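S.K.: First the structure, which I've put down as structure tokens, then a few questions once you've had a look.
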Amino acid sequence: MLNWAVTFLVVALVAAILGFGGIAGTAAGIAKILFFVFIVLFLISLVVPRLRPPA
């Protein structure tokens, strides 16, 4: 998931350098959304094992 966020961030930066404003904005938005989804999933993966009772 973090790979995709970084990929879209790189695409956004390259598009911004080349002057493609619409593509850069869209790619940056997708990268931001994927980054926050990654953070939420990471935090959930840290919390869930602690909620389970010991076996």
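Each value in this text was obtained by applying a stated rule to the coordinates, not by laboratory testing. Since we're looking at a predicted model, the values are computed, not measured. Virtual Cβ from ideal backbone geometry, glycine too; neighbours counted across all protein chains shown.
S.K.: On a 0 to 90 degree scale, rounded to 10, what angle separates helix 21-51 from the longest Cα axis of the chain?
M.R.: 10 degrees
S.K.: On a 0 to 90 degree scale, rounded to 10, what angle separates helix 2-18 from the longest Cα axis of the chain?
M.R.: Long axis of 2-18 versus the principal axis of the chain: about 10 degrees.
S.K.: Once you place label points 7 Å from the Cα toward the Cβ at R50 and N3, how far apart are they in nm?
M.R.: For the pair R50/N3, the computed spacing is 2.9 nm.
S.K.: Counting residues in the chain as N, plug N into 2.2 N^0.38 Å and put the Cα Rg over that result.
M.R.: The chain yields a ratio of 1.60.
S.K.: Further, regarding this structure: If I stretch the segment between V10 and L41 completely, what's the gain in nm (0.36 nm per residue apart, minus their alpha carbon distance), one decimal?
M.R.: 8.9 nm
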